[in-house]
Amino acid sequence: MSKFNFTKAAIEALPIPEKGWIYYYDLKVQGLGLGVGATGKKSFILYRKINGRPERITLGRYPDLAIEQARGKASELNADIAEGKSPADRLRAAKREMTLGDLFQEYMERRAAFNRRPDKPKATYRLYLSDWNNRKLSTIRHEEVDRLHKKIGRSNGQVTANIVLKLLHVIFNKAINEWRIWKGENPAHGIVKFPEQSRDRFLQSDELPRFFQAVAKEENETIRDYVLMSLLTGARRSNVLSMRWKDINFDRAEWRIEETKNGTPQTVALSPEALEILQSRKPSDSAVFVFPGSGMAGHLMEPKKGWKRILERAGIDNLRIHDLRRTLGSWQAKTGASLAIIGKSLNHKNQNTTAIYARLDLDPVRDSVNKATSAMLTAAGLKDSADVAKLKKI
């Protein structure tokens, strides 16, 4: 019986037999063997006496099954044997075990109603996790995830690496704690994310006149109104895109969002300028979406080209649509709003202020939004009185 310490170099240097199989055994884990066939195939096995009878249990093909994974499987089976349990039971359970691909599919199906942008997790999974698609959940180790996180950070950027880590952490957490379809551990738990610099870009006073002029000149009315509504409400991009007429209450000047990124509903206070835009768009027929689109979703999906036109016309660089949300919050702060008021209006989920938010009604939030809107329009040269600015008639 030939024994040696299994390493990648040693295994790949093994000779191929002319016929049949030759078996080699590891010095580190009892009974762990590697069979080399005449075709060049290599498979890990566990060779042990069980109830007095020698048994050879196939663990998996090399290199699909890494050396450390094979040692882990063999150690688990050895522990079962020591306790008098049947390794066959464990192997049968492993065959029934979900793969990472199964779990991701489950995640996408269960979250379908809440995923405003399902293309994002799909793309993240396809680009960075699909190599593990057929891996059983129990074979994905913490140290592997840590190495993958660092590798992506080096090659694709630290923000991307953190996005991949978050996706993996979330789907395992859902499986373990919420759906209870997996009883193992979360291999992404405890891995420290790369530090990310918080983005603080928002429209400054000197940029507002150019920005509003550029928006007013946008020929695509849907894009123009979408951009203005994003700025005036501070709502998240996906929520504004899918804004529905049935959720608008003109009498109360409110917009009810049933499901936000935080998993909670939100009532948005609509300023007089926001209401003016909605009144001008209000259809006579039974339209569903405020900003309709020609795609399957039925609403506007990707305003990148229109946004690019507006920025080029305004001569403004390094501004994203999400920065419009930050712009409203920043102008609220400039006009004296408290952090609690800003958090309530933007639906920020912060445990330290949750209790405060719960006690706030919409009136101070509405006052703050209206005050910030008025200040922005005044800075843009569009408003010098209490009158409602006619944004579409600049």
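Every number here is computed from the coordinates shown, using simple stated rules; none is lab data. Since this is a predicted model, take the numbers as computed values, not measurements. Counting neighbours? That spans all protein chains shown, and the Cβs are built from the backbone with ideal geometry, glycine included.
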Specify which labelled value, from (i) 22, 41, 21, 15, 1; (ii) 27, 54, 18, 1; (iii) 29, 60, 11, 0, agrees with P(r) over Cα pairs in 20 Å bins from 0, in percent derived from the coordinates of the model shown. (i)
Equivalent ellipsoid semi-axes - Cα gyration tensor, the stretch 2-96, angstrom: 23, 13, 13
Positive end of the dipole of the chain, charges at C-beta (+1 Lys, Arg; -1 Asp, Glu), about the Cα centre: which of A269, T233, F194 has its Cα farthest in that direction? F194
Label-point separation (nm) for R313 and S238, each offset 7 Å from Cα along Cα-to-Cβ? 2.9 nm
For T264, T335, what's the fewest-to-most ordering of other Cβ within 10 Å of each Cβ? T264, T335
So how strong a dipole does the stretch 2-96 carry about its Cα centre when Lys and Arg Cβ are +1 and Asp and Glu Cβ are -1, to the nearest 20 debye? 220 debye
Amide H of R135: which non-local residues (sequence gap of 5 or more, or other chain) have their own amide H closer than 5 Å, using H built in the peptide plane? L100, G101
Computed [θ] at 222 nm, helices only, for the chain once each DSSP H run of length n ≥ 4 contributes -39500 (n - 2.57): -13500 deg cm²/dmol
Do any of K28/K183; K42/K136; K261/K383; K28/K49 go past 22 Å between their Cα atoms, and which? K28/K183; K261/K383
Report the normalised scattering of the stretch 214-283 as log10 I(q)/I(0) at q = 0.13, 0.18, 0.23, 0.27 Å⁻¹, calculated by the Debye formula with identical scatterers on the alpha carbons. -0.35, -0.67, -1.07, -1.41
Could you put M243, M229, M108 in order, starting from the residue whose Cβ has the fewest other Cβ atoms within 10 Å? M108, M243, M229
Most exposed first by the Cβ proxy, i.e. fewest other Cβ within 10 Å, how do T39, T124 rank? T39, T124
Of N173, T58, V365, farthest towards positive along the dipole that unit charges on Lys, Arg, Asp, Glu beta carbons give the chain: T58
Net length gained if the chain between S205 and H348 were fully extended (0.36 nm per residue, minus Cα distance): 49.0 nm
How far, in nm, would the chain grow between S294 and A79 when pulled straight, counting 0.36 nm per residue and subtracting the alpha carbon separation? 71.4 nm
